[in-house]
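In what follows, a single structure is set out as structure tokens and then discussed.
Values quoted throughout were computed directly from the atomic coordinates according to the rules given, and no laboratory measurement underlies them. Source: prediction; values computed, not measured. Here the Cβ positions follow ideal geometry from the backbone for every residue, glycine too, while neighbour counts run over all protein chains shown.
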Amino acid sequence: MRVALFATCLTDTLFPTTAIAATRLLERLGCRVEFPLDQTCCGQMHLNTGYRAEAAQLAERYAAIFAGYDAVVAPSGSCAGMVREFHPELVTTSPPRNAAARNTYELSEFLVDVLGVTDVGAYFPHRVTYHPTCHSLRMIGVGDRPLRLLSAVRGLDLIDLPEAETCCGFGGTFAVKNAEVSTAMLADKMRCVAETRAEVLTAGDNSCLMHIGGGLSRMRVGVRPVHLAEILASTEEEPWPAPA
Amino acid sequence: MAGTGVTWLGTPTFPKAARAALGDTQLRRNLRKATHTIRDKRAAAVAELADWERLRAAGAAIKDSALANLDVHLERLEAAVTARGGVVHWARDADEANAIVLRLVRAAGADEVVKVKSMATAEIGLNEALLAGGVRPVETDLAELIVQLGRDRPSHILVPAIHRNRAEIREIFRREMPSASPGLTDDPRELADAARHHLRLKFLSARVAVSGANFAVADTGSVVVVESEGNGRMCLTLPETLITVMGIEKVVPSWRDLEVLLQLLPRSSTAERMNPYTSVWTGVTPGDGPRHFHLVLLDNGRTDALADEVGRQALRCIRCSACLNSCPVYERTGGQAYGSVYPGPIGAILTPQLLGDLSDPQQASLPYASSLCGACFEVCPVRIDIPRVLVHLRSKVVAAKSGASPEAAAMAALGWIMRDPRRFEAAQRAGSLARLLARQGRISRLPWPGSRWTSARDVPAPPRESFRAWWRRTRG
């Protein structure tokens, strides 16, 4: 299977370890992973802020770059959601219009639905709580796939997050346009995370993890944000954090 | 034609109003308790029905089909109401509707009207218009009464006094209700009794009642009001004259459609299997109920909204307020921050569409009053994809902007960078230098506009090497 990794602009730039982990994980599971270097951004920030024309140009690029793959895997529910939900209406020139959008998967979806695995052979001996990000939950409907993957990780102590399905307050430019409301939402999310006494907070989106993690580090709450891909990539032979 | 009314004059933009609301800790406590309670109850009420998702789809289809042939259904409704002895009036906007109602009240020789809770009359500012015309409107729904007596503004579609707790309500009643005992406590039963005594006198003396409508059936000309307290039934049956102000999107073709909508509405709004009172009337009936019935059909921006292919789904709304109760933004700011009689997620898409002026800063701020988390869409009984409409309206806000703004410049620059992988990589390398600002792997202060982020959250220090640089080094 010819799999393209869509790293997403945020992860490519700020969280390379997540994309490295996703690559190693997919290769360990037998995929041939490619990273088309022309890729940049899915256009979500532009679209969600109201800049539709710029978003459409980025969607066109995405459709052209990822057209020839069996699957495109993104370590982000939000970006995968953008591609699947909005690209079909934004892309008008690249035929076939929906091929890349249709073949785009969020990581946990790809693992469970396409590769058919829930035990990926990972080892992660830590107390972990999982935040289901809004777009992974409500836009693309990953359901309990991430939890099933986490439950199969050896050594991992999975702790329920109270009020898990409530938004953390990130919302892209919402976090700066409505910074006070965003911060109030973040405060409640952090309280719930701290209550779990977990060592690690995980999620399928680095954007939300950056938001919650940024708050936790400011408040000196000793919970580390770690992307789901990094937990699933971690093994006894190569434990997280993996050397670059 | 654009609507009028809807928002309160002089309301600041959402971020500004929200900031003030967030500072009110009592308000936040009241809201959190109220929204969480009703949210949990709704979830339980909905879980009882195995076919809930199919009901939602049916509700959306019924409303869409009614809206697709709105002109036909409205004329059928008019003919049926007229045939049964009612009088139908058409109002283009708030001013026209208010003038019609005031004229009818005067013709009936009344200087006081009793009111059934109604979003349409709140939208057009009817109470203010009546007062200016020398007519006293009396709200008879308990929560509306609390808002009216407190000279307050509503903060919720269903529970307009949701921002008030029992102690605050007791103070309002003691101060404003002549019949209230000075020893009144904040016991819910005592509060309800005080309101009941106050209102009973009004019901028995009123000659005119004003209501809204939840639905109207075109086939028969029947109008439907659902409520919980019985005050509506009093208003709809006791006075001689009944005036109903109804948004034109409330019409459905047939009774069969109500079968679906009357299941969706109570479970979504009050978390009840069925609301306690469902009143249906058809024109006038000699010897029973009002002798005069007037139906005012209100446009007020609705036909403009209907013309927008994405935005028109907002007109499916049956005013249940489940989206408010589930919204994490609403939960923290309350309804008044939206500056409109329609607060919360539905208000954020309805208000700007009714008023139709996205160059107005307050209206333009509403589509951004959301993190796009999608909790509203998940609970909407008629499947209004509120996040999608919000995103759509945001693009209209940007299109309505005149001249350059720092945001537009930043977005254009980012777009230019993202359209070319070489420029993107150069920007990554330049951005990576920001790690020099970092201490212990994090950046705690950035200049504006980054300061809007770092006011409450750190930024991780950028890595030395981006992923694409790693890929090229190890795989290239």
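Laid out as a table, the results:
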{"read-out": "Volume of the Cα convex hull of region B:113-201, divided per residue and given in Å³", "value": "93"}
{"read-out": "Cα Rg over Rh - region A:57-100, Kirkwood", "value": "0.92"}
{"read-out": "Share of Cα-Cα pairs in chain B lying beyond 28 Å, as whole percent", "value": "57"}
{"read-out": "FRET efficiency, A:ARG220 to A:GLU165 (Cβ-Cβ, R0 35 Å, nearest 0.05)", "value": "0.85"}
{"read-out": "DSSP bridge orientation in chain B - percent antiparallel, rounded to nearest 5", "value": "35"}
{"read-out": "Quarter of Cα convex hull surface for region A:127-233, i.e. mean projection, nm²", "value": "6.2"}
{"read-out": "Where N is the number of residues in chain A, Cα Rg divided by 2.2 N^0.38 Å", "value": "0.97"}
{"read-out": "Convex hull of the protein assembly as shown built on C-alpha atoms - directionally averaged projected area, nm²", "value": "31.8"}
{"read-out": "FRET efficiency, 1/(1 + (r/R0)^6) with R0 41 Å, evaluated for B:ALA434 and A:GLU237 via beta carbons", "value": "0.75"}
{"read-out": "Computed FRET value (nearest 0.05) for B:ARG419 with B:ALA68, which takes r as the C-beta separation and R₀ as 35 Å", "value": "0.35"}
{"read-out": "Computed over region A:2-114: relative contact order in percent, which uses C-alpha pairs under 8 Å that are six or more apart", "value": "29"}
{"read-out": "HN-Hα J in Hz across region B:405-420 - Karplus 6.51, -1.76, 1.60, θ = phi - 60°, x for Gly and Pro", "value": "9, x, 5, 4, 5, 5, 5, 5, 5, 4, x, 5, 5, 6, 7, 9"}
{"read-out": "B:TRP255 versus B:LYS41: modelled label distance in nm, points set 7 Å from Cα along the beta carbon direction", "value": "3.1"}
{"read-out": "Placed amide H near B:VAL87: partners under 5 Å, 5+ positions off or other chain", "value": "B:PHE293, B:HIS294, B:LEU295"}
{"read-out": "Mean Cα-pair separation over length for chain B, i.e. relative contact order, pairs under 8 Å, 6 or more apart, %", "value": "22"}
{"read-out": "Formal net charge of residues neighbouring B:GLN363 (Cβ-Cβ distance under 11 Å; K, R +1; D, E -1)", "value": "-1"}
{"read-out": "For B:TRP281, distant residues with modelled amide H under 5 Å away", "value": "B:VAL223"}
{"read-out": "Placed amide H near B:VAL251: partners under 5 Å, 5+ positions off or other chain", "value": "B:ALA216"}
{"read-out": "Tilt relative to chain B, helix B:255-269 - C-alpha long axis, 0 to 90 degrees, to 10", "value": "60"}
{"read-out": "Inter-chain Cβ neighbour average for residues A:65-74, partner chain, 10 Å", "value": "0"}
{"read-out": "Space enclosed by the convex hull of the alpha-carbon atoms of region B:1-93, per residue, Å³", "value": "221"}
{"read-out": "Cβ neighbours within 10 Å from other chains - mean over A:35-41", "value": "6"}
{"read-out": "Within the protein assembly as shown, helix-based [θ] at 222 nm, where runs of 4 or more DSSP H residues each add -39,500 (n - 2.57), nearest 500", "value": "-14000 deg cm²/dmol"}
{"read-out": "Of B:LYS250/B:LYS401; A:LYS189/B:LYS401; B:LYS63/B:LYS115; B:LYS117/B:LYS250, pairs whose Cα-Cα distance is over 23 Å", "value": "B:LYS250/B:LYS401; A:LYS189/B:LYS401; B:LYS63/B:LYS115"}
{"read-out": "Kirkwood Rh in Å, taken over region B:409-475 so that all alpha-carbon pairs contribute", "value": "13.3"}
{"read-out": "Region B:96-244: Cα Rg divided by the 2.2 N^0.38 Å rule of thumb", "value": "1.04"}
{"read-out": "Hz values of 3J(HN,Hα) by residue in region B:127-132 - Karplus curve (6.51, -1.76, 1.60), Gly and Pro given as x", "value": "4, 5, 5, 5, 4, 5"}
{"read-out": "Relative contact order %, chain A, counting alpha carbon pairs below 8 Å whose residues are six or more apart", "value": "21"}
{"read-out": "Neighbour-count ranking [beta-carbon atoms within 10 angstrom, fewest first] of B:TYR342, A:TYR123", "value": "A:TYR123, B:TYR342"}
{"read-out": "Rounded to whole Hz, the Karplus (6.51, -1.76, 1.60) HN-Hα couplings of region B:340-346, x for glycine and proline", "value": "9, 5, 9, x, x, x, 5"}
